[in-house]
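Working notes for the structure below.
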Amino acid sequence: MSSFFAHSANAAKEKHSLRDHLAATAERAAFYALHPRHVPLLRLTGLLHDLGKYQPEFQKYLREGGKKGSVPHARWGAMLANILQQKEVSLAVDGHHAGLPDASEWKAHTHVGVQEKKRLIGLLEDMLEDTRFSQEDLRALCATDQAYSGRGDTLTRFLFLCLTDADWLDTEAHFSPEKYACRHTKPFDAQLFLSRVENALLDLQETDSPINHLRTRARMAALEKAKMPTGFDFVFFFDVRDGNPNGDPDQTNLPRVDAENQEGLVTDVCIKRKVRNYLQIKYPQAIKYPQQGPYGIFIRQGSVLNTSIEAAKGALLEERQDDLCKTYYDIRAFGAVLSTGNKPAGTVRGPVQFTFARSEDRIYQAEHSVTRCAVTTEDDAKKQTEQKQREHASTFGRKNTVPYALYRMHGFISAVDAGKTGFSEDDLSLLWEALLHAFEHDRAAARGEMNPRKLVVFKHHSHLGNARSGELFERVKVTRAPNAAVPPRKFSDYAIEIHRAGLPDGIAIQEKL
């Protein structure tokens with residue numbers, strides 16, 4: 001059992017092992033990694049943060065008590081990290097109790113003289129023996145990060161935040177296990193965090209004050225910096241079983257078909273509607289305050305479009321267009337006709353364009369009579385009892401379905417048009433998220449089972465594009481799977497292949513699903 005301790009005894013009279021605390025803090029910090037390349041640095045930060053607690057003076061302080069802070073410990077881990085040429089780790093460790101130091105403070109804290117060097121070697125030897133860690137293990141945590149070029153202040157702050165949270169939580173687990181058990185321990189969801197920040201900002205904007213206008217301008221300026229630099233083409237597959245994915249009102253709401261070959265169709269407008277609906281669910285505050293952006297929905301049920309257009313700020317047409325793009329996600333993404341009302345704003349061409357989705361095979365438009373056990377009027381009741389016309393009185397509607405179909409939709413995202421509307425990388429991430437999750441929040445008996453099946457994205461290095469979209473789409477092939485049912489009745493009756501060989505320069509393939 002370790003003879004070194006990190007904290008004094010808790011209510012259960014149990015001391016906190018320093019070895020266990022370092023290991024737990026390292027793992028908790030690594031838990032917050034947003035990318036695998038962060039993991040080694042976060043573990044190193046957690047491992048070194050309390051190196052100074054191996055000092056005999058600190059262990060005596062825990063046993064006998066004394067003035068809090070009388071035996072500083074943070075600088076020793078910061079010294080070692082600096083010697084290991086991990087400046088960001090050193091800064092995070094140095095400031096994990098007192099806050100991040102400035103450059104002069106950090107240099108003073110991590111200066112290694114003759115006496116400090118002897119003490120540091122002794123502390124390192126004690127830590128390695130206690131934790132059963134080797135010098136090679138320590139060097140490995142440094143070497144694995146050589147490919148990471150995103151160093152600097154941002155990395156320092158990220159390591160610092162992860163370390164302070166991890167250290168605090170493990171300390172709380174020792175002193176207040178009941179309180180700690182109530183903590184949220186799921187992986188960090190960046191999109192959820194950003195959505196909550198946006199909703200909180202929308203709440204703050206209830207008051208139309210100069211300071212809130214400045215906050216909005218600052219936030220939108222930050223979003224401007226995140227504009228999407230490249231273009232994308234993508235192929236989206238989804239299927240339907242025993243449902244109507246997109247009824248045609250001109251054909252008694254039958255599923256839409258190509259009149260010549262009976263292949264099923266789903267309009268681009270239908271899919272855009274699902275994207276809009278998903279965003280309104282994700283950002284409920286945008287429904288309450290749709291004109292305060294940036295995730296408002298312009299084309300939404302119950303809205304009066306001219307009212308929204310006339311509320312845009314700016315005397316010039318271009319200024320009103322810019323304000324509407326900043327306010328409404330669907331204008332930034334899909335564009336809109338804004339040329340109506342007393343203060344028109346022209347027309348905005350959106351960077352995101354969808355084709356009609358088309359089924360891989362011809363579909364069968366099934367029609368079903370719908371009956372009921374109760375009737376509406378007294379006359380219907382009499383027909384059931386007196387005239388024995390039960391079937392006539394209880395049949396009151398029809399339902400139209402597709403037994404099964406796999407649909408394929410193509411999409412295009414123009415970097416040039418994205419720059420004009422302010423469509424950013426964050427907006428792009430929301431688009432992928434909406435396509436993959438919208439069906440989950442659009443369930444209805446009439447639509448049966450609808451599910452996303454595949455999302456293949458072609459990313460262009462150049463904003464002008466590195467290959468023609470048609471050639472890229474041809475790389476995504478759909479064939480019948482071996483032993484497939486005829487006609488197809490499930491997704492496994494198909495095989496989707498992506499031909500990656502000979503990919504044009506400047507094109508990267510991303511499979512989102």
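A compact table of results
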{"read-out": "Sole residue being under 22 Å from Arg132 (Cβ atoms), in contact with a strand residue (DSSP E or B) (Cβ under 7 Å, 6 or more places away or on another chain) and of a type in the set (A, V, I, L, M, F, W, C), chosen from Leu18, Leu48, Leu42, Leu22", "value": "Leu18"}
{"read-out": "Criterion violated by Ala393 - all others in (1) at pLDDT 85 or above; (2) out of contact with any Pro (no Cβ under 8 Å at 6 or more places or on another chain); (3) more than 30 Å from Pro487 (Cβ to Cβ) satisfied", "value": "(1)"}
{"read-out": "Enumeration of residues in region 52-61 that are touching a residue at least 60 places away in the same chain (Cβ under 8 Å) and more than 11 Å from Phe4 (Cβ to Cβ)", "value": "Gly52"}
{"read-out": "Among (1) within 30 Å of the chain's Cα centre (by Cα); (2) open to solvent by 40 Å² or more (accessible area, probe 1.4 Å); (3) at pLDDT below 90 - the single one Arg43 does not satisfy", "value": "(3)"}
{"read-out": "Residue ranges of helices (runs of 4 or more DSSP H) in region 236-324 with at least 1 members open to solvent by 20 Å² or more (accessible area, probe 1.4 Å) and among the acidic types (Asp, Glu)", "value": "268-282, 305-310"}
{"read-out": "Matching option when the condition is on the phi < 0 side of the Ramachandran plot, surrounded by fewer than 20 Cβ atoms within 10 Å (Cβ to Cβ) and free of Cβ contacts under 8 Å to residues at least 24 places away in the same chain, among Ala23, Ala9", "value": "Ala9"}
{"read-out": "Yes/no for Tyr148 being farther than 20 Å from Leu41 by Cβ and either modelled with pLDDT under 85 or not aliphatic (A, V, I, L, M) (or both)", "value": "no"}
{"read-out": "Residue within region 64-74 that is of a type outside the set (Gly, Ala, Ser), part of a helix (DSSP H, G or I), out of contact with any helix residue (DSSP H, G or I) (no Cβ under 8 Å at 6 or more places or on another chain) and free of Cβ contacts under 8 Å to residues at least 12 places away in the same chain present", "value": "yes"}
{"read-out": "Out of Thr401, Thr421, sole residue that is touching a residue at least 40 places away in the same chain (Cβ under 8 Å), polar (S, T, N, Q), within 19 Å of Asp361 (Cβ to Cβ) and surrounded by 12 or more Cβ atoms within 10 Å (Cβ to Cβ)", "value": "Thr401"}
{"read-out": "Among (1) open to solvent by less than 40 Å² (accessible area, probe 1.4 Å); (2) not in a loop (DSSP other than H, G, I, E, B), the one test that His410 misses", "value": "(1)"}
{"read-out": "Residue ID - nearest to Arg43 (Cα to Cα), chosen from residues in region 65-83 that are surrounded by 17 or more Cβ atoms within 10 Å (Cβ to Cβ) and of a type in the set (A, V, I, L, M, F, W, C)", "value": "Ala81"}
{"read-out": "Filter result for Asp130 (closer than 17 Å to Ala26 by Cβ and either at pLDDT 90 or above or under 33 Å from the mean Cα position of the chain (by Cα) (or both))", "value": "no"}
{"read-out": "Leading residue by the ranking (nearest to Thr479 (Cα to Cα)) among those in region 339-378 that are without any contact (Cβ under 8 Å) to a residue 24 or more places away in the chain and open to solvent by 80 Å² or more (accessible area, probe 1.4 Å)", "value": "Thr347"}
{"read-out": "Test: residue in region 439-461 that is modelled with pLDDT of 95 or more, of a type in the set (Lys, Arg) and open to solvent by 30 Å² or more (accessible area, probe 1.4 Å)", "value": "yes"}
{"read-out": "Hits in region 91-105 (condition: out of contact with any Gly (no Cβ under 6 Å at 6 or more places or on another chain) and open to solvent by less than 20 Å² (accessible area, probe 1.4 Å))", "value": "Ala92, Asp94, Gly95, His96"}
{"read-out": "Residue, farthest from Phe354 (Cα to Cα), within region 463-513, restricted to residues that are open to solvent by 80 Å² or more (accessible area, probe 1.4 Å) and assigned to a strand (DSSP E or B)", "value": "Arg480"}
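The values are calculated or read from the model by the stated rules, or taken from the named source; none is laboratory data. Small disclaimer: the values here were computed from a predicted structure and weren't measured. For neighbour counting, all protein chains shown are included, and Cβ atoms are generated from backbone atoms with ideal geometry for every residue, glycine included. Heads up: the accessible areas ignore ligands, DNA and RNA and are worked out on the full protein's heavy atoms, side chains in. Shrake-Rupley method; radii C 1.70, N 1.55, O 1.52, S 1.80 Å.
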